[in-house]
Amino acid sequence: MITHWKTGQAPEAPFKAVIFISVKREVKEDYHKMDELLMNEVQNYEGFLGYSSISKTNQGIFISYWQTDEAIARWRDFNTHREAKSRAPKAWYSYYHSMICTVESSRVFEEMTKAL
């Protein structure tokens with residue numbers, strides 16, 4: 001599992017999390033290019049705090065962390081992200097489930113963080 005915080009450390013709660021659970025179809029080059037483009041663009045996006053990601057073969061869980069619902073809504077409407085979402089069901093995924101929630105409490109155990 002990978003966790004990356006934009007500031008180098010977990011933010012204080014409350015903040016928002018977008019949980020994206022997926023099963024990918026056969027992964028093609030265009031998927032990797034779009035994924036890299038989105039990850040590069042979101043790093044400087046206002047309200048983005050970081051992410052956690054884990055994947056196994058064609059299955060994955062990606063959690064992005066945000067300051068507010070408004071920041072999530074702006075990213076949802078960002079041109080490149082809209083393009084990716086329009087292509088996703090037919091080109092890249094056989095299943096996905098997206099959820100938005102509020103993180104009310106957050107604790108980090110440092111040894112575990114370093115071990116991952």
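A helix-only calculation puts the chain at -10500 deg cm²/dmol for mean residue ellipticity at 222 nm, using -39500 (n - 2.57) for each DSSP H run of at least four residues, averaged over all residues. The mean accessible area for residues of the chain, using a 1.4 Å probe and ignoring ligands and nucleic acids, is 69 Å² per residue.
Projecting the Cα atoms of SER94, ALA71, SER55 onto the charge dipole of the stretch 43-115, computed from C-beta unit charges around the Cα centre, puts SER94 farthest toward the positive end. Using Cβ point charges alone (K and R +1, D and E -1), the dipole size of the stretch 2-116 about the Cα centre works out to roughly 420 debye.
Look at the dipole of the stretch 10-116 built from charges on Cβ: of VAL42, THR80, SER22, the Cα furthest out on the positive end belongs to SER22. Distance between the C-alpha centres of the stretch 1-52 and the stretch 59-83: 8 Å, rounded to the whole angstrom.
Remark: the SER98-ASP30 segment gains 22.3 nm on full extension, using 0.36 nm per residue and subtracting the alpha carbon distance.
For the chain, the carbon plus sulfur part of the accessible surface works out to 51%, probe radius 1.4 Å.
Note on the chain: Lys pairs 8 or more places apart or on different chains, Cα atoms under 21 Å apart, count 15.
The values are calculated or read from the model by the stated rules, or taken from the named source; none is laboratory data. Predicted model, so just to flag it, every value in this text is computed and none were measured. When we count neighbours, we look across all protein chains shown, and the Cβ atoms used for this are built from the backbone with ideal geometry, even at glycine. Please note that ligands, DNA and RNA were not included when accessible areas were found on the heavy atoms of the full protein model with its side chains. Shrake-Rupley method; radii C 1.70, N 1.55, O 1.52, S 1.80 Å.
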